[in-house]
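Novice: My questions all concern the structure below.
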Amino acid sequence: MEFAAHNVGRLSEHLALPRGLRLAEYELTLFAAFWFVVGMLDELAIDLAYVWLRVFRGYRTQRLSANGAAEPLRGPAAVFIPAWHEAAVIGATISHMLKVWPQAELRLYVGCYANDADTLLAVMAAAGSDHRLRLVVHDQTGPSTKGDCLNRLYQALHCDEARSGQTAHMVVIHDAEDMVHPQALALMAAALDQADFVQIPVRPEPERSAWWIAGHYLDEFTESHARAMVVRDALGAALPAAGVGCAFARAMLDRLSRFHLQQALPGPFAADCLTEDYELGLLVAHHGGQSRFLRVRDASGALIATRSCFPVTLHEAVRQKTRWLHGIAFQSWDRLGWQGNVIDIWMALRDRRGPLAALILAIAYFLLLLSPLLEAARHWGLVGDRLASPQLYGLARLCLFAMIWRALLRLVFTTREYGLHEGLRAVLRIPVANVIAIMSARRAVFAYLRSLAGKRLVWDKTAHHDHPAFRLASAD
């Protein structure tokens with residue numbers, strides 16, 4: 001009897017862990033399903049608003065009837081390009097920009113560092129004899145931060161304005177790897193007559209050698225800049241700047257510069273922020289400015305957007321998105337808080353939900369591994385049946401609907417911009433995007449904790465080796 005009781009006790013101990021795992025499976029499934037449904041409702045609200053715009057407001061992407069690339073501007077236009085270790089692509093960006101934007105009012109300010117000789121030489125070689133380019137060498141050893149480099153360009157613009165007696169009509173921000181659309185400059189200049197900040201879409205370039213990593217940027221930017229930003233603009237919410245293809249009225253930049261000066265910060269760009277562009281766009285609305293998102297096609301049907309090549313490796317993609325999550329989800333919460341009306345707070349919640357969404361995704365993928373193991377254990381009699389409840393079944397059905405609906409929308413939006421092949425790949429790339437989001441969120445949390453401990457921020461930029469202009473040249 002004592003031997004049997006001893007064996008029963010040992011068996012009970014062995015079964016305690018599987019029973020605990022069953023309970024953990026149930027609780028984690030309920031937790032993840034609840035937040036999936038919350039996210040579904042959030043996205044569904046945007047979907048319904050987009051449908052309302054299309055059906056009841058007659059929203060359609062505007063199409064220009066003629067080529068207005070060489071249309072004169074309303075005044076001097078400054079384009080800022082901060083550059084650090086961009087020798088591989090900066091020359092193509094400058095050459096193409098000066099070619100397709102022939103306006104005499106254009107002034108291109110490229111910010112470099114004295115300890116980056118390769119980029120300096122590439123800028124000078126690309127400029128040639130075009131007097132519209134101004135090479136600005138930072139007085140600090142690089143890299144500082146992107147915001148700091150932009151502030152140095154802003155100071156250079158001030159000096160030029162004082163010498164010439166002419167004030168710039170607008171300031172456009174671009175990255176060193178961008179390929180601009182010929183009509184983008186005139187379009188943004190015209191829009192700034194009724195706005196203080198305008199943003200045009202970003203169009204990632206398809207990468208034939210990296211369908212999965214680079215390709216997921218196509219899906220996310222296309223859906224965001226064809227749906228979410230359109231709704232955000234229609235609702236009058238504060239618009240974030242993407243850091244490329246964004247133009248600011250000169251007077252608004254001065255207003256933001258004075259605001260930062262009150263906080264002992266130089267210039268309109270936040271030098272101590274990883275996503276100074278995102279923050280700058282929101283500050284426009286917070287200071288009473290008008291913002292616009294411009295989704296327009298040219299006469300040929302091509303989207304007037306900024307074309308860029310995005311990371312092709314997992315490491316670079318995670319590194320880039322870590323910076324975005326750190327800046328948007330954590331720093332902007334610290335720096336901007338929760339300002340504006342109900343719509344602005346809703347949009348801020350959407351922007352900052354990345355770490356929570358990644359946690360829910362991580363739990364879901366963990367459950368995909370755990371549940372089959374527990375089912376196998378049930379087959380061998382080690383655990384009982386899966387715990388369930390009517391609430392869990394209801395949430396699961398909603399989650400299944402949400403997954404199918406989101407995949408369908410991703411297929412539609414990506415297909416519309418890139419064709420059916422990319423649209424089908426977009427559905428298959430959803431798990432890839434999820435894994436990158438999980439890895440980025442984990443790194444962003446630790447990066448934020450290090451910053452709280454006093455670690456100095458530096459320009460943790462993405463390395464660029466490809467450029468859309470290279471592909472045009474090879475096609476020719």
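The values are calculated or read from the model by the stated rules, or taken from the named source; none is laboratory data. Quick caveat: nothing in here was measured; it's all calculated off a predicted structure. With ideal geometry, Cβ positions are generated from the backbone for all residues, glycine too; neighbour counts draw on all protein chains shown. The accessibility values were calculated without ligands, DNA or RNA, using every heavy atom of the protein model including side chains. Shrake-Rupley method; radii C 1.70, N 1.55, O 1.52, S 1.80 Å.
Novice: For the chain, what does -39500 (n - 2.57) per DSSP helix run (n ≥ 4), summed and divided by total residues, give at 222 nm, in deg cm²/dmol to the nearest 500?
Specialist: Calculated mean residue ellipticity at 222 nm is -18500 deg cm²/dmol.
Novice: Okay, moving on. Of the chymotrypsin sites (Phe, Trp or Tyr not before Pro) in region 266-356, which ones lie in a loop per DSSP and count no more than 10 other C-beta atoms within 10 Å?
Specialist: 338
Novice: R0 = 30 Å: FRET efficiency of residue 125 with residue 458, Cβ-based, nearest 0.05?
Specialist: Working: r = 27 Å, r/R0 = 0.91.
Efficiency, from the Cβ-Cβ distance: 0.65.
Novice: Next up: By a straight-distance test (C-alpha under 26 Å), which lysines pair with residue 461 as possible cross-link partners, with residues fewer than eight away in the same chain excluded?
Specialist: List returned: 146, 321.
Novice: Further question: What's the carbon and sulfur percent of the chain's accessible surface, probe 1.4 angstrom, rounded to a whole number?
Specialist: Carbon and sulfur together cover 63 percent of it.
Novice: Please compute the modelled spin-label separation between residue 314 and residue 26, points set 7 Å along Cα→Cβ, answer in nm with one decimal.
Specialist: 3.5 nm
Novice: I've got another one for you. With contacts defined as alpha carbon pairs under 8 Å and 6 or more residues apart, what's the relative contact order of the chain in percent?
Specialist: About 22 percent, as a whole number.
Novice: Here is a further query. Return the FRET efficiency for the residue pair residue 338, residue 263: r is the Cβ-Cβ distance, R0 is 22 Å, and the value is rounded to the nearest 0.05.
Specialist: 0.75
Novice: Kindly state, to the nearest 0.05, the FRET efficiency for residue 99 paired with residue 299, given R0 = 25 Å and r defined as their beta-carbon distance.
Specialist: That gives a FRET efficiency of 0.85.
Novice: With a cut-off of at most 10 other beta carbons within 10 Å, and DSSP calling the residue loop, which trypsin sites (Lys or Arg not before Pro) in region 41-117 qualify? Please list them.
Specialist: 57, 60
Novice: Using Cα centres only, tell me the gap between region 206-281 and region 171-196 in whole Å.
Specialist: Region 206-281 and region 171-196 have Cα centres separated by 13 Å.
Novice: Also, I was wondering about something else. Output the 0 to 90 degree angle, nearest 10, between the alpha-carbon long axis of helix 250-262 and the longest principal axis computed from the alpha carbons of the chain.
Specialist: 60 degrees
Novice: In region 354-421, what chymotrypsin sites (Phe, Trp or Tyr not before Pro) fall in a loop by DSSP, with at most 13 other Cβ atoms inside 10 Å? Don't skip to the end; give the middle numbers.
Specialist: Values: sites: 365, 366, 380, 393, 401, 405, 413, 418; in loops: 380.
Sparse-neighbourhood loop chymotrypsin sites (Phe, Trp or Tyr not before Pro): 380.
Novice: Sticking with this one: Applying the Karplus parametrisation 6.51 cos²θ - 1.76 cosθ + 1.60 with θ = phi - 60° to the phi angles of region 197-212, what ³J(HN,Hα) value in whole Hz is obtained for each residue in order, glycine and proline being reported as x?
Specialist: Along region 197-212, the couplings run 8, 10, 10, 9, x, 9, 10, x, 7, x, 10, 5, 8, 8, 4, 8 Hz.
Novice: What angle, in degrees between 0 and 90 and rounded to the nearest 10, separates the Cα long axis of helix 390-418 from the longest principal axis of the Cα atoms of the chain?
Specialist: 30 degrees
Novice: Now for a different question. Using the alpha-carbon atoms, what tilt in degrees (0 to 90, nearest 10) does helix 430-452 show relative to the longest principal axis of the chain?
Specialist: On a 0 to 90 degree scale, this one is about 80.
Novice: Here is a further query. What is the diffusion coefficient of region 240-319 in µm²/s, taking the Kirkwood radius over Cα pairs and the Stokes-Einstein relation at 25 °C with a viscosity of 0.890 mPa s?
Specialist: Calculated translational D: 166 µm²/s.
Novice: Using each residue's phi in region 314-325, evaluate 6.51 cos²θ - 1.76 cosθ + 1.60 at θ = phi - 60° and report the 3J(HN,Hα) Karplus result to the nearest Hz, with x for Gly and Pro.
Specialist: 4, 4, 5, 5, 5, 4, 5, 6, 4, 4, 4, 5
Novice: Moving on. Contour minus end-to-end for residue 401 and residue 375, with contour as 0.36 nm per residue of separation and end-to-end as the Cα-Cα distance? All intermediate terms of the calculation are to be shown ahead of the outcome.
Specialist: On the way: separation 26, 0.36 × 26 = 9.36 nm, distance 2.44 nm.
Stretched out fully, the residue 401 to residue 375 stretch lengthens by 6.9 nm.
Novice: Same structure again: Leaving out ligands and nucleic acids, and using a 1.4 Å probe, what accessible area per residue does the chain come to in Å²?
Specialist: For the chain, the per-residue accessible area is 47 Å².
Novice: Sum up the charges of everything whose Cβ sits under 12 Å from the Cβ of residue 351, counting Lys and Arg as +1 and Asp and Glu as -1, but leave residue 351 out.
Specialist: Values: positive: 232, 350, 352, 353; negative: 42, 279, 344.
Taking every other residue near residue 351 into account, the sum is +1.
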